[in-house]
Every structure is written in structure tokens, then in C-alpha cells.
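Visitor: Here it is: the structure, laid out below.
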Amino acid sequence: MADLALISTHRLHEAGRLRDAFRAEGFTVDLVPGPGHLPDPVSVGGADPGSGVLVLTGGEDGEERAPWINGARSLRFPVLGVWPGGHEVEPGGEGLVEVFRLGRDPAEVALVARRTVERRRLQEATGIVGESESIRELLERVVQIAPVDSTVLVTGESGTGKELVARGIHHLSPRRHRAFLAVNVAALSETLLESELFGHEKGAFTGAIDTRKGFFELANRGTLFLDEIGEMPMATQTKLLRVLEQREFLRVGGEQPIRVDVRIVAATNRDLRDLVVEGAFRRDLFYRLNILDLHLPPLRERRSDIPLLVEHFAEEISRRIDRPFPGLDPRALDILVRHPWPGNVRELRNLVESMVVMAPRRPIEPRDLPLEVREPGRSLRMLPRRSGASGGGSALAPVGSARGHALAPVPGEEGSSPGTGADEEDSPGDREAQPGGEGGGRAGTFRPELEFVFRTLMEMRVDMEDLRREFEAYREEVEDRLESAPHPGLRALPGGVELGRIHGGGGPEAPSRGGSDDGLVDADTHVAGGAEDDPAASRSETLPFEPGMTMEDLEEQAIRRVLDREEGNRRRAAESLGIGERTLYRKIRKYGIDDE
């Protein structure tokens with residue numbers, strides 16, 4: 001099916017010239033008198049973002065252009081403008097991909113439209129979104145690189161989308177129907193990394209209970225993406241170099257070489273040349289990896305792509321979670337465009353996802369954005385810590401605050417009482433961060449939904465930390481008590497420890513005090529030499545005690561002494577010790593008395 005070109009009739013003569021040129025380029029052309037006459041997305045296959053393009057021959061004014069842009073957005077069509085001189089709009093802004101002067105050769109406009117549609121298809125296939133010059137060049141290189149099998153090195157800051165580029169290369173390559181596997185080299189130890197990459201034979205090391213294939217075998221005839229390649233240990237670098245050069249490797253503990261056909265795409269956020277100079281990366285491996293290179297620019301160097309990325313992420317996430325997104329106020333979008341984005345595209349995507357999930361039933365406004373986005377210089381102040389102040393102050397204070405600002409206390413927190421005080425004056429949704437004076441202003445008061453959720457989560461974290469510390473203190477106190485408590489069935493005597501009541505056998509089993517039969521009977525039930533005990537029924541013995549002996553040592557001595565006296569009869573020994581027969585069997589195994 002031919003791609004569709006929708007041409008507005010603001011200037012009918014120009015629309016006619018463009019119609020002929022677009023038809024010659026292979027487009028199906030419709031002339032559209034107004035935004036209300038744009039076709040329904042379903043009727044033109046709007047699910048395919050590469051199915052068409054909208055060309056405006058008028059609409060130089062922003063308000064007049066807005067309904068056209070919105071209609072193209074619902075169709076997922078890129079927009080081109082053909083206007084008189086003096087009405088140029090920066091491409092990439094307001095949904096426009098390209099702007100031409102009126103009177104430009106229609107064939108050239110049609111050719112640019114064709115390339116734009118193809119680029120949109122490519123973006124959909126690879127997930128690489130943008131219309132900036134750097135992204136256009138990147139996509140062109142990806143198209144050139146993908147069909148061949150040469151190794152590719154992708155460089156760029158963290159969060160710029162290096163794995164996305166690797167997947168795009170794989171998707172456009174002849175290997176697209178085979179496996180694509182990704183390995184983060186920095187996430188694995190040296191021993192584990194070697195086993196994961198090359199596999200191992202049964203018995204190669206402790207725990208190798210079976211033969212296991214590594215990533216190279218699993219990715220055979222496919223693509224293997226090695227992320228953070230600069231963190232790879234030198235020993236593994238040597239083995240990787242052999243795989244790249246010989247297309248074969250040995251499993252860990254193996255003897256037979258295994259041949260593979262794998263395309264390697266490596267990525268790093270470090271300068272490998274510097275690592276080579278430092279001796280942390282093999283020079284020959286660097287040359288072997290750097291056959292084809294791609295560099296991803298940071299987001300701050302392609303700000304014109306931010307509106308497109310926001311729209312792309314919002315649409316994708318909204319569709320995935322089945323929740324409508326009301327969009328962004330132009331002022332909020334301008335803040336996003338000006339933000340430095342140290343986390344690059346990953347950071348932007350995470351923010352968009354939070355906005356889609358937490359969006360109020362209106363377009364996102366500047367006050368809805370996190371403080372670190374609105375005011376990048378104050379980003380650290382969003383990280384609360386426990387304040388050292390006591391009394392009526394907030395329990396949280398922001399890190400890095402030079403003026404003593406504190407986040408507003410959560411209702412019910414010390415220093416804030418529901419229904420009283422200044423917190424009652426304004427609703428949470430109406431409050432903004434207010435600058436405080438020297439020595440005690442409160443800058444962070446209640447903000448709208450996004451920051452309220454943030455503060456609530458931080459409060460929960462603080463509460464959990466308090467609970468954990470209290471539990472640890474309680475556990476230590478209990479352990480101290482247990483260590484200082486006398487062991488059941490033993491009594492300290494000068495020069496030794498008295499073994500408690502020892503039954504002469506045949507009588508009923510004496511339970512220990514407290515209802516447990518896991519220890520010797522409480523010493524309080526018998527006092528050595530006491531007149532109240534029947535010498536025929538029980539007698540006491542003293543176990544020698546030496547410095548350094550533990551309670552377990554004494555318990556073992558007691559069991560051995562009674563077993564010797566009862567000539568190995570375990571039933572009578574258990575009765576004499578005042579413990580259950582099962583408990584005695586378990587303790588015999590514990591102390592290895594059975595083996596002697």
C-alpha cells in the first residue's frame with residue numbers, strides 16, 4: 001500500500017504543485033481543506049507511524065497551526081511546512097519536522113517527505129526517536145552498518161540508549177530472526193563472567209553439576225551485545241579476542257574447541273583509548289572492536305528531540321498501562337527542554353512514566369514537575385535526612401540546604417497536628433515551595449500529587465529504618481540476657497559445675513522447667529547434699545570446669561558422664577538427664593558421641 005500524503009489547501013496553487021510531485025514520488029495524495037477534514041486514524045492505518053505525512057501550505061500562525069498539528073499527532077504523521085519567507089519555525093518544535101520557503105522545488109519537498117517517512121519507519125523498528133541532525137546521522141549509519149557482520153563499538157554516556165542501538169542493528173540485519181542476547185559485563189565477577197560467556201563442562205568447578213552453554217553458544221548465528229565492555233577483566237579480554245579472531249573458544253573445563261558465528265556489538269560509557277593508555281584494556285582488542293563505531297550524543301546536545309521523546313514515551317506508556325495522559329502545559333514542556341538531563345534518555349523516560357501514572361486530570365503544569373527538574377541547582381535538597389532538631393520542627397531536613405529549609409511534615413508527624421496551625425490555611429494542591437529567610441524559613445511545603453507521593457514514600461522509609469533499629473536493639477538485649485542466664489540443669493560450684501537432678505532410671509521422665517525438654521533440668525530442682533532428696537533416687541555429680549569452656553562443652557561432658565554411668569543405655573540416660581530421648585539422640589549426633 002502506497003504511503004499517504006495529506007496536503008492542506010491554504011494556498012491552492014502551491015498544493016497543486018506539491019500534489020504532482022508527491023504522486024511522482026509514489027505517494028497517494030489527498031488535498032485537505034481544514035483540520036476537521038483529516039481522515040480517521042483507523043482508515044489510514046494510523047497504527048503505522050510510517051504510513052504518511054502531512055504537508056501544510058499555510059498555518060504560519062501558531063494558533064491556526066495547532067489543530068493541524070494535533071490531527072497529525074493522532075494519525076502519527078510527521079508534519080512539513082511550506083510557507084512564505086519570514087515565517088520560519090525551528091524544525092523539531094511544535095511537531096514540525098521540516099520547514100521550506102514557499103516556492104521551493106516541489107520535487108525536493110517530496111524527496112524530503114519520503115526520507116522522513118522512511119526514517120519514521122526506521123525509528124519504529126529500532127526505537128531510536130528523534131529528528132535532530134545527530135540522530136539523523138546516527139540512523140543513516142545504523143542502516144549502513146546493519147547488513148554486514150563486522151563488530152560494532154557503541155559509545156556514549158550512561159542512559160543514552162546504547163542497547164537500543166544494538167537492538168536496532170540486529171533488527172535491521174540478516175540475523176534478525178536469530179537470538180539477540182545482552183550481557184552487562186560490569187554486573188558479573190571475573191569467574192562468573194567467563195562461565196556465563198563461554199559456558200562450562202560438568203565438574204569444571206565446585207557446583208558445576210552439569211554441562212552448561214554460555215552466551216556465545218546461545219547467540220550462535222545471532223547477535224551478542226556486551227555492555228560496559230571497558231569493565232571486562234584482562235584475562236577475559238584475552239579469551240574474547242580469540243573468539244573474535246578465530247571464531248572459536250573452549251568452555252571452562254573443556255578440551256574441544258567450539259566454533260560459533262556470532263556478531264558482537266560492544267558498548268561503553270568510558271573512553272577505551274584512555275583505558276588502553278592506563279593498561280586496563282588490551283590495545284589489540286580495542287582495535288578489533290572498533291571496526292565500526294557509533295557515538296550517541298547526550299540528550300542535552302539534542303534538546304530539539306525532547307518534545308518528540310516525551311510524546312513517544314507518553315504514548316507508549318499510556319497504551320501499556322491503559323491510562324490516558326492529558327499532556328503537558330507548554331511551560332512545563334519548556335522546562336523539560338531546558339533541563340540538563342544528567343541521566344539522559346533513561347532519566348527522561350522515567351520522569352514521563354511517573355507523569356503518566358500520577359497525572360492529575362489536567363495537563364501537567366510546572367508545579368507538577370519534581371523540584372530537581374524545575375530547579376536543577378537544588379536537586380540535592382530533595383533528598384531528606386533525619387533532622388537533629390527536636391520539638392516542633394519537621395522530622396525531615398533536606399540534604400545540602402544552605403538556609404535550613406525543611407520538607408513539610410506529614411500529617412500526624414511530631415510538630416504537626418491535623419486541623420491546627422498554619423498547615424490548615426491552604427490545601428496541599430495550592431501550596432508552592434516558599435523561600436525562607438535566614439535561620440528558619442520553610443521552603444518545601446505541601447506540593448501537588450507528585451511531590452506528596454515522594455514525601456510519603458520517604459516518610460515510610462524513615463519509619464522502616466526506625467523500626468529496624470528498634471528491632472536490632474531488642475534482639476541484642478535478648479541475646480545478652482540469654483548469654484548471662486544460667487544453663488538449665490547446671491549450677492556453678494567452686495572448681496566446677498554441678499550436674500542437676502540425675503534420676504536413677506526407671507522413674508518417670510522429668511520435664512524441664514518452662515515446659516521445654518531441649519535442655520538439662522533446672523538446677524533449682526536439686527541442691528547438692530540437700531536432705532530433701534532421696535539418695536536412692538538421685539545423686540549429684542560435679543563436672544570439672546576449665547577457663548574457656550562453653551555451655552556446649554559442659555553439656556557434652558554431662559551427656560558423656562551419664563552415658564558412661566548408664567553403660568550406654570540411652571533411654572535411662574535421657575531419664576537421668578531430665579530430657580526427652582529424641583533430644584538426647586539429637587545431641588549425641590551433634591557432639592559426635594556416636595562416632596567414638
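The values are calculated or read from the model by the stated rules, or taken from the named source; none is laboratory data. Please read all numbers here as calculations on a predicted model, not as lab measurements. All Cβ positions, glycine included, derive from the backbone under ideal geometry; neighbour counts span all protein chains shown.
Visitor: For the stretch 119-150, name all the residues that are touching a residue at least 24 places away in the same chain (Cβ under 8 Å), assigned to a helix (DSSP H, G or I) and polar (S, T, N, Q).
Guide: Within the stretch 119-150, Gln123, Thr126, Ser134 qualify.
Visitor: Any idea which of Gly168, Gly130 is on the phi > 0 side of the Ramachandran plot and at pLDDT below 95?
Guide: Gly130
Visitor: Which residues, counting only those in the stretch 255-268, are surrounded by fewer than 16 Cβ atoms within 10 Å (Cβ to Cβ) and of a type outside the set (Asp, Glu)?
Guide: Across the stretch 255-268, the qualifying residues are Gln256, Pro257, Arg259.
Visitor: A further question follows. If you go through the stretch 54-81, how many residues are closer than 21 Å to Leu308 by Cα, of a type in the set (Val, Ile, Thr) and either in contact with a helix residue (DSSP H, G or I) (Cβ under 8 Å, 6 or more places away or on another chain) or modelled with pLDDT of 90 or more (or both)?
Guide: So the answer is 2.
Visitor: Using the structure shown, decide if Arg115 is at negative phi and either assigned to a helix (DSSP H, G or I) or among the β-branched types (Val, Ile, Thr) (or both).
Guide: Against the criterion (at negative phi and either assigned to a helix (DSSP H, G or I) or among the β-branched types (Val, Ile, Thr) (or both)), Arg115 qualifies.
Visitor: Evaluate the stretch 127-143: report whether one residue or more is crowded, with 21+ Cβ neighbours inside 10 Å and more than 29 Å from Pro340 (Cα to Cα).
Guide: No.
Visitor: Here's a follow-up. Quick one: which residue in Thr151, Thr206 is at pLDDT below 85 and not assigned by TED's automatic domain parsing to the domain that holds Pro340?
Guide: Thr206
Visitor: Being within 30 Å of Arg273 (Cα to Cα) and of a type in the set (Phe, Trp, Tyr), is that true of even one residue in the stretch 202-214?
Guide: No, there is no match, as no residue in the stretch 202-214 is within 30 Å of Arg273 (Cα to Cα) and of a type in the set (Phe, Trp, Tyr).
Visitor: Here's something else I'd like to know. Quick one: which helices (runs of 4 or more DSSP H) lie wholly within the stretch 225-302 and hold at least 3 residues that are of a type in the set (A, V, I, L, M) and either within 16 Å of Leu153 (Cβ to Cβ) or in contact (Cβ under 8 Å) with a residue 24 or more places away in the chain (or both)?
Guide: Per the criteria, 234-246, 272-278.
Visitor: Against the definition (closer than 30 Å to Arg273 by Cβ and loosely packed, with under 15 Cβ neighbours inside 10 Å), how does Ile291 come out, yes or no?
Guide: So Ile291 fits the description; yes.
Visitor: Please go through the stretch 162-184 and give me each residue that is in contact with a Gly (Cβ under 8 Å, 6 or more places away or on another chain) and assigned to a helix (DSSP H, G or I), ordered by number.
Guide: Lys162, Leu164, Arg167, Gly168, His170
Visitor: Where residues in the stretch 245-254 are over 30 Å from His171 (Cα atoms) and touching a strand residue (DSSP E or B) at 6+ places or on another chain (Cβ under 6 Å), which of them is surrounded by the fewest Cβ atoms within 10 Å (Cβ to Cβ)?
Guide: Among those residues, the one meeting the criterion is Gly253.
Visitor: Within the stretch 95-126, can you find the residues that are among the hydroxyl-bearing types (Ser, Thr, Tyr) and either under 29 Å from Glu14 (Cβ atoms) or surrounded by fewer than 19 Cβ atoms within 10 Å (Cβ to Cβ) (or both)?
Guide: Residue satisfying the conditions is Thr116 alone.
Visitor: From the list Ser189, Ser195, which one is modelled with pLDDT under 90, closer than 24 Å to Ala166 by Cα and buried (at least 16 other Cβ atoms within 10 Å of the Cβ)?
Guide: Ser195
Visitor: Shifting gears a bit: Looking at the stretch 196-224, which of its residues are in a strand (DSSP E or B) and closer than 17 Å to Leu240 by Cβ?
Guide: His200, Thr223, Leu224, listed by residue number.
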